[in-house]
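The values are calculated or read from the model by the stated rules, or taken from the named source; none is laboratory data. Just so you know, these numbers come straight off a predicted model, no measurement behind them. Methodologically, a virtual Cβ is constructed for each residue, glycine included, from the backbone with ideal geometry; neighbour enumeration extends over all protein chains shown. For accessibility, only protein heavy atoms count, side chains too; no ligands or nucleic acids. Shrake-Rupley method; radii C 1.70, N 1.55, O 1.52, S 1.80 Å.
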Amino acid sequence: MSSFPTTARVVIIGGGVVGASSLYHLAKAGWTDCVLLEKNELTAGSTWHAAGNCPSFSTSWAIMNMQRYSLQLYAGLADAVDYPMNYHVTGSVRLAHSTNRMMEFERARGMGRYQGLGIEMMSVSDIKDRYPFIETHDLAGGLWDPDDGDIDPAQLTQALAKGARDLGARIERFCPATGISRENGEWIVQTDKGDIRCEFVVNAAGYYAQRVGEWFRPYGGRTVPMAVMSHQYFMTGEIPELVENTRQNGKLPLLRDVDTSYYLRQEKHGFNLGPYERNCRAHWVTPDDQMPDDFSFQLYPDDLDRLEWYIEDAMARVPLLGASGVGRVINGPIPYAPDGLPLVGPMPGVPNAFEACVFTFGITQGGGAGKVLAEWITEGQTEWDMWAIDPRRYTDYTDHDHCVAKARETYGHEYSMHFPHHEWPAGRGKKLATVHDRQVAAGAQFGAFNGWERPVWYAKDGDDTSLEGTETWARSGPWEPRVREECEAVRDTAGIIAITGFSRYLVKGPGARDWVDSLTASRLPKPGKISLAYFPDSRGRILTEMSVMVHSDDEVGFITAAGAQWHDFEILSRQAPDGIEITDNTLQAECLLVTGPGSRDMLAPLADGHDLSAPWLTVSPAGTVAGQQCAMVRVSFAGELGWEIHCDPATAPAIWDAVTAAGARPFGMYALDSLRLEKGYRAWKGDLSTDYSLLQGGLDRFTRFDKDFPGKAALEKEQQQGLTKRFAVMTLDNPGDCDAPYMATVWKDGEIVGEVTSGGWGYRVGKSIALGLVRPDLGAAGTAVDIDIFGQMFAATVQGDGALWDPTNQRLRA
Ligand SMILES: Cc1cc2nc3c(=O)[nH]c(=O)nc-3n(C[C@H](O)[C@H](O)[C@H](O)COP(=O)(O)OP(=O)(O)OC[C@H]3O[C@@H](n4cnc5c(N)ncnc54)[C@H](O)[C@@H]3O)c2cc1C
């Protein structure tokens, strides 16, 4: 091997499965001048001791994409790189103890079918056929994932490493990165063997990712949001019945009892049992328990007491498990981000640095993660929208306590169902509105939006506000009558909602307006007006949507979703030319939306210096409401006459008090979501994502082909060639108990012809609404389609691509 490399295009820090896969995919993309640094031997972190289970199942579209790709890659990898591996595709059986669980499976099956996976539902007798040793008396059914199996994680990593090396990439083992610095736009990665200058750095350091991440703080970085949990499985000795069964029928499928929370796998001729226990344990989270500098190939002490309940339950389910005692126990570190999903993508705030770390299921996701990471670096964009794992989805609220509380909650509920009205309770209360106490007093039930607590609905005395009450896929629940009342108040009189944490930026500098104009496909508004602007990537896909106010040629203001705070800031700041300054003013203002046909009459006696007769989309920059200085912007995401009042957070309580005293009813985010669906307004990263082009997303009227913008050529080509799908508003003809969830499939004549991107009940129109994309020939109003909602087909009608409520905006313009 030649001498130690002093330069490289990319340096990857960490040689687990994810680092190796990233290197392999970079090399496959032609980026062979890349170096991976591993402090010990490859796999020394979490990878060596992983159980190696490889499901394709997920209820996240993006994660399913990533896992599907991994499994397809692994199936051909041994031959592709000439490195034999133990990879057993046994299929798996997931057990359901309840109808709700069967509905979750139905949803995953629907998504799987759309992605070409063979996931199938199972009856109780199907389960017994596939898994003869099981007790089924208390089961509702199951799910068959034919692509599931187990792979040897070390062999997988070595195979990826070999593939990368064969293509010319380099791996330096026993070579810890010890620090980084930046000079002349290049990174210098320090090691004991010498420095490596490079263009890009990747933090793929697994459970050490937070430590490595700290090196980037002087360059704009933040503390990596994660905590390390202990995860255990144990193996039994040989069981004669399994020897015999394997001889006759082959290896048993993997079994997951997700309601109890464990997996059970055949390992040689014994079992491997791995629970995700509620009484779980985080490690290295207190000052007296620091993570060692080097934990390579080490484990925590066995702690089987924690698993006792799960072991007993599993033995009752598969009595054969009790035929042999506990053999080897593995108790290893597993990193958790607050939501349990990894961090893959641009490192927030840091130029030319990326993350591919904090994986809880890195073996089954490693292949796809390498593809995604390589796309980020080589193309600056990914084939599939990967917001679900984008590091920028977390911002400044993820302090240590939050990360630990969330990691415990997420680990303990690893297999739990994510119901649409269930607001997970751990790590909450990070950012409160100044009107929070008033919201509480009015009965608010809260959800977290980029760490901000926002009311989702307002309960009345006697309403069931328990968490258990939210464990349903159905539209109805304790919230439903209140959400209806809130929507009706907005329709008939007026409501008030604090849209706390709206992200807001100011772009300043010579030619700021023209520069912003060059980034968006949309026409910028005249000074004194506000409008939506869409920002495409080079493929013409929807990178983001922001509300824009042009203050002057040299000053432009932006408002965007709370969750988009770091993402959208980077879209602007990454490309800012010299002289353009961008500031994040999110904390400097509160937004109170007062909306409904009565809002003008309510606000008129309170407002001074604002012209309430000025037309829709007018910005009134200065004046007062209830004696407090504020701007008023005449827009309403609820689709009624209304104003956003933008004020100093300190003055928001006085305005809130005056407006509610005048009769505006507080309403929550569930009502706002229902109201916006009726208007066909798109939601960020649901309806608006890089999975769709501007034209597919039905944003033609915001796309100005008479000017230049990124992705224009791609959109022109798409226009000439014809769209493959097109945005549509659909309504269910005879709705059931549930509205259509994200990625429910749309059918016509026995074929999948599209997907739902958001759904819910519209109380003003009295319909279950689904926004989504369908084959273009089906986009005309009146077209009959079917939508698969949790496994049941519902007849639906396409309503075109406009609003169902007030389609000509008369109420907004009143
Ligand atoms: C008991 C257990 C069972 C599991 N079972 C499964 C399973 O069945 N299926 C599944 O998908 N996942 C499973 N996992 C999770 C899986 O192990 C991890 O998600 C995966 O191994 C993460 O891979 P990685 O490459 O991100 O991190 P790691 O494997 O931890 O690799 C990170 C590497 O970075 C190196 N490193 C750190 N700092 C530096 C530095 N400064 N310089 C150079 N190198 C550095 C480390 O030495 C390490 O090798 C399991 C985990 C545990 C604990």
- line: The equivalent-ellipsoid semi-axes of the stretch 686-728, taken as the square roots of five times the Cα gyration tensor eigenvalues and listed largest first in whole Å, are 16, 12, 9
Sequence of Thr364, Thr378 when ordered by accessible area, the most exposed leading, probe 1.4 angstrom: Thr378, Thr364
query: For the charge dipole of the chain, defined by +1 on Lys and Arg C-beta atoms and -1 on Asp and Glu C-beta atoms about the Cα centroid, which residue among Ala796, Thr157, Gly270 has the Cα displaced farthest towards the positive pole?
result: Ala796
field: Cβ-based charge dipole, the chain, positive-most Cα from Gly779, Gly345, Tyr505
entry: Gly779
statement: Two pseudo-spin positions, 7 Å from Cα along C-beta at Arg247 and at Arg574, lie apart in nanometres by 6.0 nm
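Report, please, the projected area of the stretch 603-688 averaged over directions, based on the convex hull of its C-alpha atoms, in nm².
Its Cα hull, projected and averaged over all orientations, spans 6.2 nm².
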field: Under the Karplus curve 6.51 cos²θ - 1.76 cosθ + 1.60, θ = phi - 60°, whole-Hz ³J(HN,Hα) for the stretch 232-246, x wherever Gly or Pro sits
entry: 10, 9, 9, 10, 9, x, 5, 10, x, 4, 6, 4, 5, 5, 5
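For the stretch 213-253, with every protein chain kept in place, what is the accessible area per residue (1.4 Å probe, Å²)? Before the final figure, lay out the partial values.
Working: 1730 Å² over 41 residues.
On a per-residue basis, the stretch 213-253 sits at 42 Å².
Note the per residue figure in Å³ for the convex hull of the C-alpha positions in the stretch 1-138. Please report the intermediate quantities before stating the final value.
Working: hull volume 22.3 nm³, N = 138.
For the stretch 1-138, the hull spanned by Cα atoms encloses 162 Å³ per residue.
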field: Cβ crowding within 10 Å averaged over residues, with 797-804, 65-72 ranked highest first
entry: 65-72, 797-804
Hydrodynamic radius of the stretch 452-523 per Kirkwood, over alpha carbon pairs, in Å: 16.4 Å
- prompt: By how many degrees, 0 to 90 and rounded to 10, does the Cα axis of helix 99-114 deviate from the longest principal axis of the chain?
  reply: 90 degrees
message: Modelling each spin label as a point 7 Å along the Cα-to-Cβ direction, I'd like the Thr378/Thr583 distance in nm, to one decimal.
response: 4.2 nm
- line: For the stretch 132-191, the Debye formula with one identical point scatterer on each Cα and no solvent gives log10 I(q)/I(0) at q = 0.13, 0.14, 0.18, 0.27 Å⁻¹ as -0.68, -0.72, -0.90, -1.11
query: Counting alpha carbon pairs within less than 8 Å and at least 6 residues apart, what relative contact order, in whole percent, applies to the chain?
result: 11 percent
- request: Report, by chain and number, residues whose modeled amide H sits under 5 Å from the one on Glu355, excluding near sequence neighbours (fewer than 5 apart, same chain).
  value: Asn203, Gly345, Met347
- line: the stretch 11-63 and the stretch 591-670 have their Cα centres apart by a whole-number Å value of 51 Å
- prompt: Any idea how far apart Ala474 and Arg217 come out in nm if each label point goes 7 Å out from Cα toward Cβ?
  reply: 5.0 nm
- prompt: What order do you get for 575-581, 44-50 when each peptide is scored by the mean count of other beta carbon atoms within 10 Å, highest first?
  reply: 44-50, 575-581
query: Three principal axis extents, largest first, for the C-alpha atoms of the stretch 1-56, in Å?
result: 37, 26, 17
statement: With R₀ set to 25 angstrom, the calculated FRET efficiency between the beta-carbons of Asp399 and Thr59, to the nearest 0.05, is 0.35
message: Give me the percent relative contact order of the stretch 589-721, please, defined on Cα pairs under 8 angstrom at least 6 residues apart.
response: 21 percent
message: Could you give the length gained by full extension between Gln290 and Asp437, i.e. 0.36 nm per residue of separation minus their alpha carbon distance, to one decimal place?
response: 49.1 nm
message: Viscosity 1.306 mPa s, temperature 10 °C: give me the Stokes-Einstein translational D for the chain in µm²/s, with Rh taken as the Kirkwood radius over C-alpha pairs.
response: 56 µm²/s
- prompt: Can you list residues whose amide H is under 5 Å from Trp384's amide H, if they're 5+ apart or on another chain and H is modeled 1.01 Å from N?
  reply: none
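What does the charge dipole of the chain about its Cα centre add up to, to the nearest 20 debye, if the Cβ of each Lys and Arg holds +1 and the Cβ of each Asp and Glu holds -1? Intermediate results must be reported in sequence, preceding the final value.
On the way: 75 positive and 107 negative charges, 279 e Å.
Computed charge dipole of the chain: roughly 1340 debye.
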- prompt: In degrees between 0 and 90, to the nearest 10, how far off the longest principal axis of the chain does helix 712-721 point, with axes built from Cα atoms?
  reply: 80 degrees
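In cubic angstrom, how much convex hull volume per residue do the alpha carbon atoms of the stretch 76-221 span?
That works out to 206 Å³ per residue.
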- prompt: Rg (Å, one decimal) plus Dmax (Å, integer) for the alpha carbons of the stretch 44-91?
  reply: 12.2, 34
message: Step by step: find N for the stretch 678-802, compute 2.2 N^0.38 Å, then divide the Cα radius of gyration by it. What's the final number?
response: 1.07
task: Provide the gained length on full extension for the span Gln115 to Arg704, in nm with one decimal, where the gain is 0.36 nm per separating residue minus the Cα-Cα distance.
output: 208.7 nm
message: Accessible area per residue for the stretch 1-106 in Å², computed with a 1.4 Å probe and the full protein assembly in place, what is it?
response: 32 Å²
query: What Cys residues in the chain are without a partner cysteine, judged by a Cβ distance under 4.7 Å?
result: Cys34, Cys54, Cys175, Cys198, Cys280, Cys357, Cys403, Cys487, Cys591, Cys738
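Given N residues in the stretch 103-154, what is its alpha carbon radius of gyration divided by 2.2 N^0.38 Å?
Numbers: Rg = 12.9 Å, N = 52, 2.2 N^0.38 = 9.9 Å.
Cα Rg divided by the expected 2.2 N^0.38 Å: 1.30.
Put Glu488, Glu468 in order of accessible area, largest first, 1.4 Å probe: what do you get?
Details: Glu488 55, Glu468 125 Å².
Greatest to least solvent exposure: Glu468, Glu488.
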- line: With x for Gly and Pro, the residue-by-residue ³J(HN,Hα) of the stretch 47-64, computed from phi through the Karplus equation 6.51 cos²θ - 1.76 cosθ + 1.60 at θ = phi - 60° and given in whole Hz, is 5, 4, 9, 5, 6, x, 5, 10, x, 9, 4, 7, 9, 9, 4, 5, 5, 4
message: Calculate log10 I(q)/I(0) of the stretch 210-294 for q = 0.23, 0.24 Å⁻¹, where I(q) comes from the Debye formula with a single equal point scatterer on each Cα and nothing for solvent.
response: -1.09, -1.13
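Scaled to the compact-protein estimate 2.2 N^0.38 Å, what is the alpha-carbon radius of gyration of the stretch 604-645, rounded to two decimal places?
Details: Rg = 9.7 Å, N = 42, 2.2 N^0.38 = 9.1 Å.
The reported ratio for this selection is 1.06.
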- line: Going residue by residue through the stretch 528-542, the Karplus relation 6.51 cos²θ - 1.76 cosθ + 1.60 with θ = phi - 60° gives ³J(HN,Hα) values, rounded to whole Hz and with x marking Gly or Pro, of x, 10, 10, 8, 7, 10, 10, 10, x, 8, 5, 8, x, 8, 7
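Work out the length of the dipole vector of the stretch 314-383 about its Cα centre, built from +1 on the beta-carbon of each Lys and Arg and -1 on the beta-carbon of each Asp and Glu, and round it to the nearest 20 debye. Let's see the in-between values first.
On the way: 3 positive and 5 negative charges, 101 e Å.
With Lys and Arg at +1 and Asp and Glu at -1, about 480 debye.
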- line: Taking placed amide H atoms and a strict 5 Å upper bound, the residues 5 or more places from Ile180 or on another chain that come that close are Gln190
field: Extension gain (nm, one decimal) between Glu41 and Glu238, 0.36 nm per residue minus Cα-Cα
entry: 67.8 nm
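Taking all protein chains together and a probe of 1.4 Å, list Lys430, Lys679 from the most accessible to the least accessible. Mind showing how you got there, number by number?
Numbers: Lys430 70, Lys679 10 Å².
Highest to lowest solvent-accessible surface, that is Lys430, Lys679.
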